[in-house]
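Worksheet: one structure, shown below.
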Amino acid sequence: MTKGKGMKIEEVYESMKNLEVVSMATVEGDQPRVRIMALISHNDNYWCCTIASRPKMEQFKENDKFEFCSIIRKKENLGSIRALGKACIIQDFEVKKELSKAIPFFSGYWKDYTDPKFGLIRLDINKIEVQSPYDKKFYTFDI
């Protein structure tokens with residue numbers, strides 16, 4: 001992100017690659033649910049993973065809409081990023097195999113990509129809202 005200029009989507013994607021965790025919101029009935037999740041950037045897609053039996057997986061099955069947010073920090077400047085879209089639960093073992101190699105903490109939770117406890121979610125983002133850490137303006141990108 002360049003100070004004093006309008007923001008470009010490429011800059012947003014670069015910032016998203018540096019996000020380690022996000023606050024992920026799902027819906028359970030009429031109640032929003034928020035939790036911290038690791039955001040994994042891999043092959044021009046964004047992913048999250050979890051234990052397959054956790055409530056968030058059932059929430060994604062019942063209502064695939066999500067929104068996440070996180071802080072963008074550039075030196076002493078703070079901004080924010082919010083993304084929303086639809087979550088796709090992945091069952092394909094070839095995709096799970098590939099992603100298992102891209103998740104640095106994978107072996108701390110699962111024995112291998114066929115482990116039934118391994119829940120993988122692709123985040124199909126359709127809108128991103130950013131507050132620039134430099135000019136504090138808000139930028140919206142429809143994807």
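The values are calculated or read from the model by the stated rules, or taken from the named source; none is laboratory data. Everything numeric in this text was worked out from a predicted model, so none of it was measured. Cβ: placed from backbone, ideal geometry, glycine included. Neighbour counts: every protein chain shown.
Structure data summary
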quantity	calculated
The listed residue being more than 27 Å from residue 142 (Cα to Cα), loosely packed, with under 13 Cβ neighbours inside 10 Å, out of contact with any Ser or Thr (no Cβ under 9 Å at 6 or more places or on another chain) and at pLDDT 95 or above, out of 111, 61	111
Elements of type helices (runs of 4 or more DSSP H) in region 1-109, at least 3 residues being within 16 Å of the chain's Cα centre (by Cα) and touching a residue at least 24 places away in the same chain (Cβ under 8 Å)	9-17, 55-62
Test: residue in region 73-89 that is closer than 16 Å to residue 119 by Cα, exposed (fewer than 13 other Cβ atoms within 10 Å of the Cβ) and among the charged types (D, E, K, R)	no
Filter result for residue 116 (in contact (Cβ under 8 Å) with a residue 60 or more places away in the chain and either part of a helix (DSSP H, G or I) or surrounded by fewer than 15 Cβ atoms within 10 Å (Cβ to Cβ) (or both))	yes
Selection count where residues are modelled with pLDDT under 95 and of a type in the set (Ser, Thr, Tyr), scope region 114-143	2
